[in-house]
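Take a look at the structure below.
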Amino acid sequence: MRMPEDLEAAFNRQVTMELTSATAYLQIAAFFANRNLIGMSGWMRAQAAEERAHADRFFDFIVDRGNTVHLGDVPAPRSDFAGPEEAFEASLAQEQAVTEAIHGLYRLASDRGDLASFPFLQTFIAEQNEEESMVQTILDRLRLAGGDSGAIFLLDHELGTRGSNQEE
């Protein structure tokens, strides 16, 4: 069953937002790679891939519903940060913006009585809770490190193990 036109437009904006997030994460990965924080760079590259996969899922959902995908412009992301803490602050802000957008989609689907969107969006709502919590934890640990290079390198190493010993 096709989505109402305004819901289709909102889902299309979400595809673009997910692609924007993927691009932002890739740029932050470059920031870390240029500073030889390879673990943090790898973690951000994994996040970029995850956001791209989210865009694909929204894309497929739109098509599967018989609607049309219209990609929007993806702006160039911020490329410079004072350090790891500021980069992860930007990451958290991005996740919070995505969470708010998905909540808005859910509210709009509810207002339109589009029950078919609920299960799809609920998976993203749950995932966003996890994403925000994970980035907040990393940010809290960076703040605890207080700029101590040894602590930052330990965290960098830990983040570099992403995927080898934990779920993403």
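The values are calculated or read from the model by the stated rules, or taken from the named source; none is laboratory data. The model shown is predicted, which means the values in this text are computed figures rather than measured ones. So basically every Cβ, Gly included, is an ideal-geometry build from the backbone, and we count neighbours across all protein chains shown. Surface areas here come from the heavy atoms of the whole protein model, side chains and all, with no ligands, DNA or RNA. Shrake-Rupley method; radii C 1.70, N 1.55, O 1.52, S 1.80 Å.
The residues in the stretch 148-161 that are among the charged types (D, E, K, R) and either modelled with pLDDT under 95 or open to solvent by 50 Å² or more (accessible area, probe 1.4 Å) (or both) can be counted, and the count is 2. Considering the stretch 106-124, the residues that are of a type in the set (A, V, I, L, M) and open to solvent by less than 40 Å² (accessible area, probe 1.4 Å) include one that is nearest to residue 58 (Cα to Cα), namely 121. Residues that are within 20 Å of residue 46 (Cα to Cα), touching a helix residue (DSSP H, G or I) at 6+ places or on another chain (Cβ under 9 Å) and charged (D, E, K, R) within the stretch 119-144 comprise 127, 131, 132, 141, listed in sequence order.
Looking only at the stretch 95-132, how many residues end up being small (Gly, Ala, Ser), touching a Leu at 6+ places or on another chain (Cβ under 8 Å) and not in a helix (DSSP H, G or I)? Result for the stretch 95-132: 0. Within the stretch 80-92, can one find any residue that is touching a helix residue (DSSP H, G or I) at 6+ places or on another chain (Cβ under 8 Å), closer than 27 Å to residue 115 by Cβ and open to solvent by less than 70 Å² (accessible area, probe 1.4 Å)? Scanning the stretch 80-92, I find no residue that is touching a helix residue (DSSP H, G or I) at 6+ places or on another chain (Cβ under 8 Å), closer than 27 Å to residue 115 by Cβ and open to solvent by less than 70 Å² (accessible area, probe 1.4 Å), so the answer is no.
Filtered by the rule that a residue be touching a Pro at 6+ places or on another chain (Cβ under 7 Å) and over 20 Å from residue 150 (Cα atoms), the stretch 21-44 gives 23, 24, 27. In the set (1) over 30 Å from residue 147 (Cα atoms); (2) without any contact (Cβ under 8 Å) to a residue 24 or more places away in the chain, the condition left unmet by residue 68 is number (2). The set of residues in the stretch 58-75 being out of contact with any helix residue (DSSP H, G or I) (no Cβ under 8 Å at 6 or more places or on another chain), open to solvent by 70 Å² or more (accessible area, probe 1.4 Å) and of a type outside the set (Val, Ile, Thr) consists of 60, 64.
In the stretch 22-37, the residues that are farther than 14 Å from residue 91 by Cα form Cβ pairs under 9 Å with partners that are β-branched (Val, Ile, Thr), at six or more places apart or across chains, as follows: 37/152. Note down all Cβ pairs under 7 Å where the first residue falls in the stretch 128-147 and is at pLDDT 95 or above, the second is part of a helix (DSSP H, G or I) and surrounded by fewer than 15 Cβ atoms within 10 Å (Cβ to Cβ), and they're at least six residues apart or on different chains. What qualifies is 145/151.
Taken together, the criteria exclude residue 95 from residues that are more than 12 Å from the chain's Cα centre (by Cα) and of a type in the set (Asp, Glu). Mind listing whichever residues of the stretch 63-81 are small (Gly, Ala, Ser) and under 19 Å from the mean Cα position of the chain (by Cα)? Residues satisfying the conditions are 72, 76, 79.
Residue 56 satisfies every condition listed in (1) touching a residue at least 40 places away in the same chain (Cβ under 8 Å); (2) over 22 Å from residue 160 (Cα atoms) except (1).
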